[in-house]
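Questions regarding the structure given below will be posed in turn.
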Amino acid sequence: MKLFGNVAVALVGYIFSMFVCFRGHLFGGDLQAMVDFLDGQLILSCFEHWYMAFSGDVLWNAPLFFYPQQDVLGYTDTFFLNGVVYSIFRVFGWEPVMAMHGSLFVYASLGYFSFLFLLLRIGVGLRVAAAASILFICGAPIQTIILNSHLQLLSIWLVPAIVLLAEFGRSSAQVIRLKRATGFWAGAVVVYAL
């Protein structure tokens, strides 16, 4: 019964944080607002570039918005990981703006659960960890970032996952599981690099 209660607390915190973070997108009816700003349009075009590159429609190192200049990524390379998640939604037929919101939802979910597990791992109680995870996902700075379409800053949601992978690597190395430790450290480096 205690396990059910713990899972319920974590899930209620998760549902609440997703509701607060995405309430404007869910109930405002204006999903287009995020891309009404120039930054949002540029970011959406970076996402779409990676989708088209994965589809084989364009070269990965030649975004169309730098035409006629060849082999210029600009800062589209910083959206590679976002482009992977975005492309999965696009493959399933989601429109570009919806796929962009879907990828943000995935990152927010990853951020919530990785921050929650990180806090639990260092001994913070479940209720405090859930409350801190809610603040991490939908605090005022995050809402400002979303409202101003500076979505590249939402990669902060990946930091707990990087730290958690590094910690798993450290704890695995302590018990002489070097292959496992190397895998966790490699995962942390890959997520950080992306």
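What is the distance, in nm, between label points placed 7 Å from the Cα along the Cα-to-Cβ direction at GLN174 and at VAL7?
2.8
If R₀ is 22 angstrom, what is the calculated FRET efficiency for the pair LEU135 and ASP39, using the beta carbon separation as r and rounding to 0.05? Write out the running numbers ahead of the final one.
Details: r = 25 Å, r/R0 = 1.12.
It comes out at approximately 0.35.
Suppose the chain between LEU153 and MET98 were pulled fully straight at 0.36 nm per residue; how much longer would it get relative to their current alpha carbon spacing?
This chain segment gains 17.9 nm when fully extended.
Which net charge results for the neighbourhood of ALA8, defined as the other residues with beta-carbon distances under 15 angstrom from its beta-carbon, given Lys and Arg at +1 and Asp and Glu at -1?
Local net charge: +2.
OK, next. Report the gain in length on full extension from ILE15 to TRP60: 0.36 nm times residue separation, minus Cα-Cα distance, nm rounded to one decimal. Show your work: numbers first, answer last.
Details: separation 45, 0.36 × 45 = 16.20 nm, distance 3.63 nm.
Extra length from ILE15 to TRP60 when fully extended: 12.6 nm.
Oh, and also: Once R0 is set to 25 Å, what does the formula 1/(1 + (r/R0)^6) return for the Cβ-Cβ distance between PHE27 and SER109, expressed as a FRET efficiency to the nearest 0.05? Kindly include the intermediate steps, with their values, before the conclusion.
Working: r = 19 Å, r/R0 = 0.76.
Result of the calculation: an efficiency of 0.85.
Taking the full set of protein chains and a 1.4 angstrom probe, give the accessible area of LEU178 in square angstrom, rounded to the nearest 10.
Number for this one is 100 Å².
So, one more: For a quick protection proxy, order the peptides 106-114, 179-187 by their average other-Cβ count within 10 Å, most packed first.
106-114, 179-187
The values are calculated or read from the model by the stated rules, or taken from the named source; none is laboratory data. These numbers come from a predicted model, not from an experiment. As a convention, Cβ positions derive from the backbone with ideal geometry for all residues, glycine included, and neighbour counts pool all protein chains shown. Heads up: the accessible areas ignore ligands, DNA and RNA and are worked out on the full protein's heavy atoms, side chains in. Shrake-Rupley method; radii C 1.70, N 1.55, O 1.52, S 1.80 Å.
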